[in-house]
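The structure under discussion appears below in the form of structure tokens.
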Amino acid sequence: MEDVTPCICGRLRRTSRALTRLYDEALAPVGITVTQFSVLRTLSRMERPTLVELAEATAHEKSALWRTLQPLVKSGWVATTAEAGARAQRLSVTPPGLEKLNDALPHWRAAQAKVSETLGDREAALIALLKEVEAHV
């Protein structure tokens with residue numbers, strides 16, 4: 001017998017893909033994806049984290065985060081610095097990376113406004129619910 005109960009994970013993943021497409025399209029004029037934007041934004045708020053620290057802050061697996069960082073490093077938007085005696089490299093946003101982030105912000109805000117308009121007064125409740133789910137799984 002087939003179970004017709006909606007899959008919460010499947011629904012969230014479909015929604016995530018749709019949102020990613022919306023934000024990626026909005027950010028395309030500045031040549032950055034929403035994943036790269038989010039990593040740059042988080043990194044800009046941190047004090048030279050290691051890859052592990054950034055992965056924890058962004059809820060990424062280290063290897064996936066490293067793959068996301070590679071084009072940012074190659075573009076000169078993120079710097080990696082090895083410190084003497086330390087095993088892990090430190091990451092930081094470079095001045096061109098901060099410029100890219102500033103260029104992307106209006107495009108991100110436009111996508112954000114579109115989603116906020118769709119959600120209306122349910123936005124805060126959705127954010128709270130997503131935080132609660134994230135904390136308990």
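For the chain, the share of accessible area belonging to carbon and sulfur comes to 56 percent (1.4 Å probe, ligands and nucleic acids excluded). Stokes-Einstein diffusion of the range 3-54 at 37 °C, 0.692 mPa s viscosity, Kirkwood radius from Cα pairs, rounded to a whole number: 249 µm²/s. For the range 39-76 and the range 78-107, what is the separation of their Cα centres, given in Å? Here the answer is 8 Å between Cα centres. Diffusion of the range 22-77 by Stokes-Einstein, at 10 °C in a medium of 1.306 mPa s and with Rh set to the Kirkwood radius over alpha-carbon pairs, works out to 136 µm²/s. What FRET efficiency, computed as 1/(1 + (r/R0)^6) with R0 = 22 Å and r the Cβ-Cβ distance, is obtained for SER116 and THR15, rounded to the nearest 0.05? So, using R0 = 22 Å, E works out to roughly 0.90. Helix 34-44 and the long axis of the chain differ in direction by around 50°, with both axes built from C-alpha atoms. As a ratio to 2.2 N^0.38 Å, the alpha-carbon radius of gyration computed for the range 46-121 takes the value 1.35.
So for each of 25-33, 4-12 I average, over its residues, the number of other beta carbons within 10 Å; can you give me the resulting order with the highest mean first? Could you put the intermediate results ahead of the total?
Values: 25-33: 16.1, 4-12: 8.7.
In decreasing order of mean packing, 25-33, 4-12 become 25-33, 4-12.
So what does log10 I(q)/I(0) come out to for the chain at q = 0.09, 0.14, 0.19 Å⁻¹, using the Debye formula with one equal point on every Cα and no solvent? Computed log10 I(q)/I(0) values: -0.34, -0.77, -1.22.
Full extension of the chain between GLN70 and ASP103 gives 9.9 nm of extra length, using 0.36 nm per residue less the Cα-Cα distance. On a 0 to 90° scale, report how tilted helix 62-74 is relative to the longest principal axis of the chain, with both axes built from alpha carbons and the result rounded to the nearest 10. Rounded to the nearest ten degrees, it is 60. Once the Cα atoms are used to define both axes, helix 8-27 deviates from the longest principal axis of the chain by about 50 degrees.
The values are calculated or read from the model by the stated rules, or taken from the named source; none is laboratory data. Since this is a predicted model, take the numbers as computed values, not measurements. When we count neighbours, we look across all protein chains shown, and the Cβ atoms used for this are built from the backbone with ideal geometry, even at glycine. Calculation scope for accessible area: heavy atoms of the full protein, side chains included, ligands and nucleic acids excluded. Shrake-Rupley method; radii C 1.70, N 1.55, O 1.52, S 1.80 Å.
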